[in-house]
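As structure tokens, the structure follows; a few thoughts come after it.
The values are calculated or read from the model by the stated rules, or taken from the named source; none is laboratory data. Everything numeric in this text was worked out from a predicted model, so none of it was measured. No Cβ is skipped: glycine too gets one built from the backbone with ideal geometry, and neighbour counts run over all protein chains shown. Side chains included, ligands, DNA and RNA excluded: accessible areas come from the protein's heavy atoms. Shrake-Rupley method; radii C 1.70, N 1.55, O 1.52, S 1.80 Å.
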Amino acid sequence: NQVEAVSDGRDGLFRATEGGFDLLIVDRMLPTLDGLSLVKAARAAGFEAPVLFLTALGAVSDRVAGLESGAD
């Protein structure tokens, strides 16, 4: 197994849509493209593997927004 890290949302979306990932772990507060937008775009592009948010945001509304964006 391999792990790959990127430092911003735009790079994360690019890598996710290239394929080959079994899981994404995404921060909500990424530079250039926030985590919610990244997940929505990845799902729209056909990314079907599980997506988890790992973030400091913990309000119920933050969790709902994450699920609504397509996270698991």
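Before moving on, here are some points about what is shown:
- For the range 21-45, the set of residues classified as crowded, with 16+ Cβ neighbours inside 10 Å and either among the aromatic types (Phe, Trp, Tyr) or free of Cβ contacts under 8 Å to residues at least 12 places away in the same chain (or both) consists of 21 only.
- Members of the range 51-68 found to be at pLDDT below 95 and either of a type in the set (Phe, Trp, Tyr) or open to solvent by less than 40 Å² (accessible area, probe 1.4 Å) (or both), listed by number: 53, 62, 65, 66
- Search result, residues across the range 28-70 that are β-branched (Val, Ile, Thr), outside any helix (DSSP H, G or I) and over 16 Å from residue 10 (Cβ atoms): 51, 55
- Identity of the residue in the range 8-25, among the aliphatic types (A, V, I, L, M) and in a helix (DSSP H, G or I), that ends up farthest from residue 36 (Cα to Cα): 16
- Residue satisfying condition, being under 18 Å from residue 22 (Cα atoms) and touching a strand residue (DSSP E or B) at 6+ places or on another chain (Cβ under 9 Å), within set 46, 66, 35: 35
- Looking at 48, 18, just one residue is among the charged types (D, E, K, R), surrounded by fewer than 14 Cβ atoms within 10 Å (Cβ to Cβ), within 20 Å of residue 2 (Cβ to Cβ) and within 12 Å of the chain's Cα centre (by Cα), and that residue is 48.
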